[in-house]
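Here's the structure, in structure tokens; my notes come after.
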Amino acid sequence: MRSEITIDVGAVRRNARTLLGALEGAELWAVVKANGYGHGAADCARAAIEGGATALCVATLAEALELRATLPEPRILVMGPVDDVGRARDARLELVVGDEIPEGLPVHVKIDTGMGRWGVSELASPARNVVGVMTHLATADSDPDFARTQLARFREATAHLDLVRHAANSAAALRIPESRFDAARCGIALYGLSPFGGDPADDGLEPALSWRSEIALTRLLPVGESTGYGRRFVAGRDTWIGIVPVGYADGFRRDLTEARVLVDGEPRRVVGVVSMDALAVELDRDVARGTPVTLVGDGVRLEEHAAVAGTINYELATRIEADPTRARRVVIDSEGA
Ligand SMILES: *Cc1c(COP(=O)(O)O)cnc(C)c1O
């Protein structure tokens, strides 16, 4: 296989426990939309529940139905719009809605306090099947003051209601105590990724995903010769490079030039632009074909790659999807459960 993506569900379980500890009594609801941020929704959902999560959240009806097929028990909330309420009811799902409240299944009404997307501005007297009221924060990771403004609006809009209230995402759950209410909807932190783009260890989190490949070929680029499309890397002196059979079609973005990876445990830089199926790393000597390469993991953090590519770890994680024709996906459990 060209590369191997390993998901440690033990890390997901520990992250769930860490989040629960931070929540000081509020429930943890595990957000496993987008195939568990690319980590595998069902595996991560199961681990999160073992770690203490009491509900699962997804974005679409299709995601919820797929999850329900393997997990008959847990509460599942669909946070995005749903066009087939009958199917949601049959699958015992809970919906997040705005001003139109469907009947016959539990719903959570979304109050827009400043995200400027879905949601209503107030909720006068809710119908009987309204079980919860929620809001979503736009700036919990970047502007806690505005997040607190949203939380104050939410508190005011819901003070007269005797319903479960939930507002926090990962960033708020970790850093804004007054966001916690009755439950927090945590995604990114569950996977051991930092909602702040820094080191997840700062919040006691452990990355669950690692991604490894190997050197498929080495060559000595003579001075003045280049590697890759567009000749973006031209050797300033005779330079050993290694070719790794992973490219942007595998989820290793085209703009990860200069990203740090490990070759046999030693830090090396990606050189040139990443191709669809391959990337090049600069070496300091020739190495054997098959020498291990760590693209993510063993201290190489997705947050670093995100900074190089000018994006966020969320986007990178959701793009590293194990296509079985290109990569092997392995699930391990470091807790041995
Ligand atoms: C995705 C999502 C979350 C989870 O956010 P993280 O930053 O990944 O914790 C929470 N609530 C809603 C409504 C979401 O769409």
Single residue of 128, 117, 153 found to be among the charged types (D, E, K, R), open to solvent by 10 Å² or more (accessible area, probe 1.4 Å) and closer than 25 Å to residue 22 by Cβ: 153
Test: residue in the range 214-225 that is among the charged types (D, E, K, R) and under 16 Å from the mean Cα position of the chain (by Cα): no
The lone exception for residue 308 - which of (1) among the β-branched types (Val, Ile, Thr); (2) surrounded by fewer than 21 Cβ atoms within 10 Å (Cβ to Cβ); (3) closer than 30 Å to residue 51 by Cα it fails: (3)
Sole residue being within 21 Å of residue 192 (Cβ to Cβ), touching a Phe, Trp or Tyr at 6+ places or on another chain (Cβ under 6 Å) and not assigned by TED's automatic domain parsing to the domain that holds residue 40, chosen from 296, 273: 296
Residue 169 vs. criteria in contact (Cβ under 8 Å) with a residue 24 or more places away in the chain, surrounded by 13 or more Cβ atoms within 10 Å (Cβ to Cβ) and under 30 Å from residue 313 (Cβ atoms): yes
Lone qualifier among 197, 224 - being assigned to a loop (DSSP other than H, G, I, E, B), touching a helix residue (DSSP H, G or I) at 6+ places or on another chain (Cβ under 7 Å) and either at pLDDT below 95 or open to solvent by 10 Å² or more (accessible area, probe 1.4 Å) (or both): 197
Failed condition for residue 232, given (1) within 16 Å of the ligand (Cβ to nearest atom); (2) surrounded by fewer than 21 Cβ atoms within 10 Å (Cβ to Cβ): (1)
Filter result for residue 54 (closer than 14 Å to residue 32 by Cα, at pLDDT 95 or above and open to solvent by 10 Å² or more (accessible area, probe 1.4 Å)): yes
Scan of the range 26-48 for residues that are without any contact (Cβ under 8 Å) to a residue 40 or more places away in the chain and under 23 Å from residue 136 (Cβ atoms), ordered by number: 41, 45
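The values are calculated or read from the model by the stated rules, or taken from the named source; none is laboratory data. Here the structure is a predicted model, which means the values were calculated and not measured. No Cβ is skipped: glycine too gets one built from the backbone with ideal geometry, and neighbour counts run over all protein chains shown. Heads up: the accessible areas ignore ligands, DNA and RNA and are worked out on the full protein's heavy atoms, side chains in. Shrake-Rupley method; radii C 1.70, N 1.55, O 1.52, S 1.80 Å.
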